[in-house]
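Peer 1: Sharing a structure, written as structure tokens. Questions coming.
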Amino acid sequence: MADIRRFGFTLLSKGEDSGGPGGPSATIIFVHGLGGHPRSTWAIPVEHHRSKISGLDLGKMLSSLRLKQVESKVETKSENPREASNLPIFWPEDFLSQSVPNATIMTYGYDADAIGDFFARDGRSKNTISQHGQDLMVKLGFHISGEVLQSKCYTNENSPEFLTYTRTRSSSLLTAWAGSLSKMAKSSDKEIFTSIHKRTHCVIFLGTPHRGSGTAEFGRTLANIAAASLKDFNVNLLRSLSVDSEVLSNIHAEFVRMLNAEDFFVHSFQEGHGYTSWKGINGKEPNLAAKVVNDFSSMFDNYKHQIIETIAANHIQMTQFASRKDEGYRQVLQAVLYYISLIPQNGRPLNSLSYTIPAGHFMVPFSENPEFVIRPSYIEQLESGLHGKNQHSRLALVGLSGIGKSQIALHYAYKHKRKSPETSIFWVRASNLAKFKEDYRKIATTVNLPESKDPNSNILQVVETWLSSKDCGNWIMIIDSADDSNLFFPGDINKFSTLDDVTLQDKPLFAYIPQNSNGSVIFTANDRRAGIRLTGNQILITVEKMTPSEELKLVRSKLGIDNAIIEDMAEFLEEMAHLPLAIVQAAAFIRENSITISNFLRIYRHSDINQYKLLGREFIDLGRDLERPSAILTIVLASLNRMKEKTPQAAALISLVSFMDWQNIPVSLIYSENESLLEFEEALGTLKRFSFITAHRGNRFFEIHRLVHLATRKWVIDHGEKEIWAKEALRLMSERFPKGEKEDWRTCAEYSQHAEATLKLSLSHQTDDKTDALRRSSLLYHLSWFLWYQGDFSKAREHAEEAYELSRRFIGLENVQTLDSLSMLATISRSQGNYTEAEQMSRQELTLCEKILGKSDQRTVISLGNLASSLLKLGKYHDAEERCLQALAVYEQSVRKEEVRTEDPTMLTTIAILASALVFQEKYEEAEEPSRRALRGYEKVHEKGHRHIMTAMGTLTSVLVGRKKYSDAEQLSREVVEIGIAEFGEDNPDTLSSMINLAVVLRHQEKYGEAEKCCRTALNGLEGKLGLNHPHTLTCVFHLALILHGRKDYEESEALCWRTLKGRVEILGNDHPATIKCLKKLLEVLRDQGRCGEAEEAKRQFEEGELI
């Protein structure tokens, strides 16, 4: 085992004589990087052996010649004994020296440490990258000079060639060395420098950041900490290694110039896995699995003798191999053997060797986007779909405009160019016929077809004929924006279903797309059907929204880490509907105006007009056609215009739903049986094809893309059709939204968000149209019923008030629709605890009914019951009983003279109110018969779980408690609680009220523990749902006080009695029976504590009105 020198050269293996005059076949020099070491960079402890990663198809990266040579030269020697020990495995010495016995192998070390003790005698090297490179060149010259003097066995013509590795975690040392070598060889009269220059055959880079690395920014932050810790740090070196460093740019440019002038090989290995250990210095989350050196930084542009390959490992692991079977080692060994086999003999120049493959044509009009976020799944699908041998392949990237189809194709074009430089790649714009022909003519001109100069030639036929020949070599054509099926299939689009259906006399445009086996075609299209037809139904790749990690990378690439605050990120991505183009467009505005994401969101959400302006702003981005609009709003509007021309039914449908919510749109809401099902499905299918909508839940529902939804409303406004579609949406919604009864809850729940959206989006639609006003009033009324049933009293009241005002304004008070809205308001007022207001409304309703309809009309009977409910809440129990009896008498005598059906809902409601009035008067025996009668009737006319059934069961529970039938009462009350939770939810006011009834039953059985738990649960819910002083909340407080009094917890019971008493005095008044009952309990609690004087004082304060 060699003793590795920290600085300078160390010989690991002296090459064996190859038998020829040239001596050893090559000299291989290993050079580490910043922070590295000539041994540790390449060594790995056995216990750190990585898992085998297989499956890399090297045949796609290297020529068949290379593979044949590798297969013949790779040896199958036994593993090095060091592998079975605990010693680190140093593969350049342990493996490579045996696999390539004719090669001389050396390491080179230099002062690569960037940090050290501030007061140390030597400190840290202050050399720049260029200085480190020059040192390497000079030392190599001296090393070669020494060997020549000692052995006299090498000459400039037949000496071994240099095959050099570099491993630079944060430097471009060999790039700088090569640049210095080129300059000194040309300017120096020293023969040795010229010798090194000529003998350099290949440089193999492993993860080298030619354009810098983002980790250097981390290093610069670390430098500041080092300074505070009295550590010495080469900050200038780190600064020069940052992304976009001017130093690196100059070195990179010089190296590329030298490459193109001198013709030696470059093989760049890129890291295949991210490195998860980089953490922010401020403790924030790391950029998970990020590559230390990205693909763009680790390769050179436009150099024909460069091969790029990926090692399936992270930045650290890609230079440390624990076994000859390690896939990474096999890749590196294959590269070494390949380049050794190509070393020129007898001074033959490199560019005259027969292996050189001529570079193909690369006609892509856009530069590579360095900020592109790689989307691996789509790249893999492209690679697998286009790599068939001797077989023509076609595939299409389809999806919504702005989803990233063209950017994915562009990235693939550059990636494929680097891996297969001999393949020609052509980019053709298909947005219209003129651009398609223009790009075909560019192809003809570039490849020097004679017909390209003839303006009268059929340039489409010329290019198609050339690409169909074997002379053109392998090629890939990317046809971008192939959205217009009529452009490729004119006339009857159904005439051509596959590529085989074309005849010479037809010659549609798609017939000029060649089909020979040495070429493949990639289409990008918004229209899914166009993609299917153009590919002959071969491969269709649907591009969907980015993954969360991809979105995060995209935003950070555009705005930087500091601006991309995680808290704002989710909201920002949601508003941009996770659409890459919209994200980039918004980021451009944020960057140009130096604002934060939070400020952008505030501006964006301020109004629809702001959203239209922000999404309609044009911007410049790499990889986009400057002749086409870049703003997502403009692109969608153009698609809508095309759609209206070709499929007006689809344009009408999307215009209609733009006045509804964009999510979970039920098909049943927008389709009726009197419509043509064929036309409806075709319209829906068109919207799906363009990815404007997405179907789900068995095609019963669909959602429109959020930004398409916004753009469509803008489009409707621009075409002067807002009033038309706002009216139509309102008409449809008012006709199809159910009243809100329990039986319709499922439909109401599905329609409610769309009803709310229609009401909101048509709110600015000011009109004196009576029909529209009454439709709006009807929808508001039905929606308020549903919201009331759901316990959303505030929103229900808001809608009911507007419904009442619209009806009163357009048809007056003396109309049934207005009366219904008034009755709804009274019902909501009772639920909100506004009992006096409810009584006033109920009396007004009764008076109007008697005036308009007469005292014997069924609607009048209903109003009598409503008034009885209001009186009941005010504690006027006897008056409520009288109103119920009056209503029943009218009903039985006038409404149903011939046949009285006990299950009639009108009568059942009146009977149920009567039973409650009797219970409040403690007439339990008298109340039992009407309570059971109401329950039986409700169970016949309603589904189980209806609110009326729950109310009747609660009333019967109170009757059973009053009659001391506690066992039956408990069983019934538990059933009511279970129904309430299942049907309404735990936080619904009706469910919470049923819990109070259960607590009452338990208290009467002295089950105080369970009763208290049940009551406190109900109290917590009511306080949150209705408020601290709502009558229902105070009722729960009072029952909890009774439970605690039974448990002799006098202190809390007294406090709760005081709270209830003061609340009821304020809301219900001193004369309300519930208030008086609470006073009596408070006095009892005080007296039980022996505080009779305080009890008398409390009574006095109550009687004199001092509690308010």
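The values are calculated or read from the model by the stated rules, or taken from the named source; none is laboratory data. Computed from a prediction, not measured in an experiment: that's the story for all the values here. Counting neighbours? That spans all protein chains shown, and the Cβs are built from the backbone with ideal geometry, glycine included.
Peer 1: Exactly one condition in (1) under 30 Å from I654 (Cβ atoms); (2) touching a Phe, Trp or Tyr at 6+ places or on another chain (Cβ under 6 Å); (3) crowded, with 23+ Cβ neighbours inside 10 Å is not met by K770; state its number.
Peer 2: (3)
Peer 1: Same structure, new question: Would you mind stating whether R1087 is farther than 22 Å from S831 by Cβ, charged (D, E, K, R) and either assigned to a helix (DSSP H, G or I) or touching a strand residue (DSSP E or B) at 6+ places or on another chain (Cβ under 8 Å) (or both)? It would help to see each step written out before you state the result.
Peer 2: Working: farther than 22 Å from S831 by Cβ: yes; charged (D, E, K, R): yes; either assigned to a helix (DSSP H, G or I) or touching a strand residue (DSSP E or B) at 6+ places or on another chain (Cβ under 8 Å) (or both): yes.
Criteria met by R1087.
Peer 1: Go over the candidates S676, S734 one by one and state the one that is more than 30 Å from A582 (Cβ to Cβ), small (G, A, S) and surrounded by fewer than 15 Cβ atoms within 10 Å (Cβ to Cβ).
Peer 2: After applying the criteria, what remains is S676.
Peer 1: Under the condition of being surrounded by 15 or more Cβ atoms within 10 Å (Cβ to Cβ) and of a type in the set (A, V, I, L, M), which residue from the stretch 433-461 is nearest to N486 (Cα to Cα)?
Peer 2: L460
Peer 1: For residues that are more than 23 Å from the chain's Cα centre (by Cα) and closer than 12 Å to L710 by Cβ, tally how many sit in the stretch 587-606.
Peer 2: 0
Peer 1: Do we find a residue being assigned to a helix (DSSP H, G or I), within 22 Å of L1022 (Cβ to Cβ), at pLDDT 90 or above and not assigned by TED's automatic domain parsing to the domain that holds H1072 anywhere in the stretch 966-976?
Peer 2: Step one: of the stretch 966-976, the residues assigned to a helix (DSSP H, G or I) are 966-976.
Within this subset, residues satisfying the condition of being within 22 Å of L1022 (Cβ to Cβ) are 969-970, 972-976.
Keeping just the survivors that are at pLDDT 90 or above gives 969-970, 972-976.
Pick out the ones that are also not assigned by TED's automatic domain parsing to the domain that holds H1072 and you get none.
So far as the stretch 966-976 goes, no, none of its residues is assigned to a helix (DSSP H, G or I), within 22 Å of L1022 (Cβ to Cβ), at pLDDT 90 or above and not assigned by TED's automatic domain parsing to the domain that holds H1072.
Peer 1: Now for a separate question. If you scan the stretch 627-670, which residues turn out to be basic (K, R) and touching a helix residue (DSSP H, G or I) at 6+ places or on another chain (Cβ under 9 Å)? Give the steps one after another, and end with the answer.
Peer 2: Initial filter on the stretch 627-670 (basic (K, R)): 628, 642, 644, 646.
If the condition is that a residue be basic (K, R) and touching a helix residue (DSSP H, G or I) at 6+ places or on another chain (Cβ under 9 Å), then R628, K644, K646 are the ones that fit.
Peer 1: If the requirement is being at pLDDT 75 or above, surrounded by 18 or more Cβ atoms within 10 Å (Cβ to Cβ) and not assigned by TED's automatic domain parsing to the domain that holds R375, which of these qualifies: V256, V336? Steps first, answer last, please.
Peer 2: Numbers: V256 fails: at pLDDT 75 or above.
Only one candidate passes the filter, namely V336.
Peer 1: Let me ask another. If you take the residues in the stretch 657-679 that are of a type outside the set (D, E, K, R) and part of a helix (DSSP H, G or I), which one is nearest to the chain's Cα centre (by Cα)?
Peer 2: Of the residues in the stretch 657-679, the ones of a type outside the set (D, E, K, R) are 657-660, 662-672, 674, 676-678.
Adding the requirement that they be part of a helix (DSSP H, G or I) leaves 657, 667-670, 677-678.
Numbers: V657: 23, V667: 25, S668: 29, L669: 28, I670: 28, L677: 34, L678: 34 Å.
It comes out as V657.
Peer 1: Next up: From the residues in the stretch 197-216 that are in a loop (DSSP other than H, G, I, E, B) and at pLDDT below 80, which one is farthest from Q331 (Cα to Cα)?
Peer 2: G214
Peer 1: Let me ask another. Just the residues that are more than 14 Å from G207 (Cα to Cα) and of a type outside the set (D, E), please, taken from the stretch 306-329.
Peer 2: Within the stretch 306-329, the first condition is being more than 14 Å from G207 (Cα to Cα), and the residues that meet it are 306, 321-327, 329.
Correct list: Q306, F321, A322, S323, R324, K325, Y329.
Peer 1: Of the residues G1009, G985, G1024, only one is surrounded by fewer than 16 Cβ atoms within 10 Å (Cβ to Cβ) and not in a helix (DSSP H, G or I); which? It would help to see each step written out before you state the result.
Peer 2: Details: G1009 fails: not in a helix (DSSP H, G or I); G1024 fails: not in a helix (DSSP H, G or I).
Sole residue among the options that is surrounded by fewer than 16 Cβ atoms within 10 Å (Cβ to Cβ) and not in a helix (DSSP H, G or I): G985.
Peer 1: Restricting to helices (runs of 4 or more DSSP H) lying wholly in the stretch 375-484: which have 1 or more residues that are among the basic types (K, R) and more than 30 Å from T686 (Cβ to Cβ)? Break it down into steps so the answer makes sense when it comes.
Peer 2: Details: elements: 376-386, 405-419, 433-446, 459-467.
The helices (runs of 4 or more DSSP H) meeting that bar are 405-419, 433-446.
Peer 1: Examine the stretch 1023-1032 for a residue that is assigned by TED's automatic domain parsing to the domain that holds D987, basic (K, R) and either touching a residue at least 24 places away in the same chain (Cβ under 8 Å) or touching a His at 6+ places or on another chain (Cβ under 7 Å) (or both), and state whether such a residue exists. Steps first, answer last, please.
Peer 2: Narrowing the stretch 1023-1032 to residues assigned by TED's automatic domain parsing to the domain that holds D987: 1023-1032.
Add one more test, that the residue is basic (K, R), and what stays is 1025.
From the residues that got through so far, the ones that are either touching a residue at least 24 places away in the same chain (Cβ under 8 Å) or touching a His at 6+ places or on another chain (Cβ under 7 Å) (or both) too are 1025.
Yes - at least one qualifying residue is present in the stretch 1023-1032.
Peer 1: Is one or more of the residues making up the stretch 472-483 surrounded by fewer than 19 Cβ atoms within 10 Å (Cβ to Cβ) and touching a helix residue (DSSP H, G or I) at 6+ places or on another chain (Cβ under 6 Å)?
Peer 2: Among the residues of the stretch 472-483, not one is surrounded by fewer than 19 Cβ atoms within 10 Å (Cβ to Cβ) and touching a helix residue (DSSP H, G or I) at 6+ places or on another chain (Cβ under 6 Å), which makes the answer no.
Peer 1: Any residue in the stretch 1097-1108 that is among the β-branched types (V, I, T) and surrounded by 15 or more Cβ atoms within 10 Å (Cβ to Cβ)? Full working, then the answer.
Peer 2: Step one: filter the stretch 1097-1108 for residues among the β-branched types (V, I, T), giving 1108.
Those still in the list that are surrounded by 15 or more Cβ atoms within 10 Å (Cβ to Cβ) too: none.
No, the conditions are met nowhere in the stretch 1097-1108.
Peer 1: Within the stretch 507-556, count every residue that is over 30 Å from S469 (Cα atoms) and not charged (D, E, K, R).
Peer 2: In the first step, residues of the stretch 507-556 are kept if they are over 30 Å from S469 (Cα atoms); the result is 526-528, 542-556.
Remaining after also requiring not charged (D, E, K, R): 526, 542-543, 546-549, 552, 554-555.
Of the residues in the stretch 507-556, 10 are over 30 Å from S469 (Cα atoms) and not charged (D, E, K, R).
Peer 1: Are any residues in the stretch 723-743 at negative phi, of a type outside the set (K, R) and in contact with a His (Cβ under 9 Å, 6 or more places away or on another chain), and if so, which ones?
Peer 2: The initial filter retains those residues of the stretch 723-743 that are at negative phi, namely 723-739, 741-743.
Subsequent filtering for residues that are of a type outside the set (K, R) retains 723-726, 728-730, 732-735, 737-738, 741, 743.
Hits for the stretch 723-743 are E723, A726, A729, L730, M733, S734, F737, P738, E741, E743.
Peer 1: On the given criteria, is S323 modelled with pLDDT of 80 or more, touching an Asp or Glu at 6+ places or on another chain (Cβ under 8 Å) and either hydroxyl-bearing (S, T, Y) or assigned by TED's automatic domain parsing to the domain that holds K415 (or both)? Even if it seems obvious, please write down each step before you answer.
Peer 2: Numbers: modelled with pLDDT of 80 or more: yes; touching an Asp or Glu at 6+ places or on another chain (Cβ under 8 Å): yes; either hydroxyl-bearing (S, T, Y) or assigned by TED's automatic domain parsing to the domain that holds K415 (or both): yes.
Here the answer is yes, as S323 does meet what is asked.
Peer 1: Filter the stretch 909-963 down to the residues that are outside any helix (DSSP H, G or I) and touching a residue at least 24 places away in the same chain (Cβ under 8 Å) and list them by number.
Peer 2: Narrowing the stretch 909-963 to residues outside any helix (DSSP H, G or I): 921-923, 942-946, 963.
Of everything in the stretch 909-963, those that are outside any helix (DSSP H, G or I) and touching a residue at least 24 places away in the same chain (Cβ under 8 Å) turn out to be Q921, E922, H942, E943, K944, G945, H946, R963.
Peer 1: Sticking with this one: Having 3 or more residues that are of a type in the set (D, E) and more than 23 Å from K727 (Cβ to Cβ) is the bar; report the helices (runs of 4 or more DSSP H) wholly within the stretch 773-854 that clear it.
Peer 2: On the way: elements: 793-811, 816-831, 835-852.
Once the helices (runs of 4 or more DSSP H) in the stretch 773-854 are filtered for at least 3 residues that are of a type in the set (D, E) and more than 23 Å from K727 (Cβ to Cβ), what remains is 835-852.
Peer 1: Among the residues of the stretch 339-363 satisfying the criterion of being surrounded by fewer than 17 Cβ atoms within 10 Å (Cβ to Cβ) and hydroxyl-bearing (S, T, Y), which is modelled with the highest pLDDT?
Peer 2: Within the stretch 339-363, the subset surrounded by fewer than 17 Cβ atoms within 10 Å (Cβ to Cβ) is 341, 344-349, 351-359, 361.
Then keep just the ones that are hydroxyl-bearing (S, T, Y); that gives 341, 352, 354-356.
Details: S341: 72, S352: 33, S354: 32, Y355: 34, T356: 38.
The extreme case among them is S341.
Peer 1: Let me ask something else. Among L633, L656, which is closer than 15 Å to M733 by Cβ and either at pLDDT 95 or above or crowded, with 20+ Cβ neighbours inside 10 Å (or both)? It would help to see each step written out before you state the result.
Peer 2: Details: L633 fails: closer than 15 Å to M733 by Cβ.
It is L656.
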